[in-house]
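As structure tokens, the structure follows; a few thoughts come after it.
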Amino acid sequence: PIAARLAVLYALIGGGPAAPRTVVVSGAALIKKTLPPAELAARAIELAKGATIDRDATATRLLECGFARAPVVDDTGTFAVRGSVIDVGAPGLPYPARIELFGDEIESIRLFDPSSQRTLREVARLALFPIRTAVPSSSHDWKAAIRALADDSQHPSSATRRLIEQLATGDAIGVGVDATAFHAALAPVADYLPADATWLWWDPDATLAAIDGELA
């Protein structure tokens, strides 16, 4: 899934002991482009116990990252806001997280079982980041790109305006729109790896054949 892939890429950005030391990539995945590292990092939300956040602004950021608002959270990529509590299904975690606020201060971050709502354990920090490649970029005129695509396909202008309005408010992120419309350029997986990374090619002929198949 795209969300799981972006979770690995975000871990690579952070470096340090949490970063993967070995990444296994298929030939098809190797050439599949994604968010540029800077764009992924810029959209990330780093939460920690004791930090202060604006509840409504955080909800907006989650929508911009491709999360969907829901009555209850039981899947990755959904979130719910109830009073001073934000529940979110974050990629890379085995269970959803519950962020409890006291005013604007994060009082606790706990993983919970969505079926029983039972608290499992507390975590000190939580990273939230885009779960889709098709999320609007702040450094690219994605609205103009979508209008151009719509004109090329003779898509009704009124429907295009409604789509842009939805996307601008974080609703229906990426629905029916190719990710390339949202960014000036997408990046290969290699851009996330350190310059001194060691590459090991397993069955190069099969890998190249898979790449040729993707490019065909």
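Just so you know, all these numbers are worked out from the coordinates, no wet-lab data involved. This is a predicted model, so every value here is computed, not measured. Please note: Cβ atoms are built from the backbone with ideal geometry, for glycine as well, and neighbour counts cover all protein chains shown.
Mind ordering 81-91, 111-121, 42-52 by average Cβ neighbours within 10 Å, highest first? It would help to have the intermediate numbers written out before the result.
Working: 81-91: 17.9, 111-121: 11.9, 42-52: 14.4.
Averaged packing, sorted descending, gives the order 81-91, 42-52, 111-121.
With the convex hull of the Cα atoms taken as the outline of the range 52-168, the averaged projected area works out to 8.7 nm².
Quick one: which of 97-107, 191-201 comes out on top by average Cβ neighbours within 10 Å, and what's the full order, highest first? Can you show the working numbers first?
Working: 97-107: 15.7, 191-201: 9.9.
Packing proxy ranking, top to bottom: 97-107, 191-201.
Sorted by packing (mean other beta-carbon atoms within 10 Å per residue), highest first, where do 203-212, 150-159, 125-134 land?
On the way: 203-212: 12.2, 150-159: 10.7, 125-134: 20.8.
Those peptides, ordered most packed to least, come out 125-134, 203-212, 150-159.
Label-to-label distance for Ala28 and Arg82 is 3.9 nm, based on points extended 7 Å past Cα in the beta-carbon direction.
For the chain, what value does the Rg/Rh ratio take when both radii are computed over Cα atoms and Rh is the Kirkwood radius, given to two decimals? Before the final figure, lay out each step's value.
Values: Rg = 19.1 Å, Rh = 19.0 Å.
Value, to two decimals: 1.00.
Of the residues Thr60, Thr34, Thr22, the one that moves most in a GNM of the chain with alpha-carbon contacts below 10 Å is Thr22. Seen from a random direction on average, the alpha-carbon convex hull of the range 4-46 projects onto 3.4 square nanometres.
Using only DSSP helix segments of four residues or longer, with each worth -39500 (n - 2.57), what per-residue ellipticity at 222 nm results for the chain after dividing by its residue count and rounding to 500?
Working: 7 runs with 70 residues, N = 216.
Mean residue ellipticity, 222 nm, calculated: -9500 deg cm²/dmol.
Expressed as a rounded percentage, what relative contact order does the chain have, with Cα pairs under 8 Å and six or more residues apart? Intermediate results must be reported in sequence, preceding the final value.
Numbers: 335 pairs, mean separation 55.2, N = 216.
Value for the chain: 26 percent.
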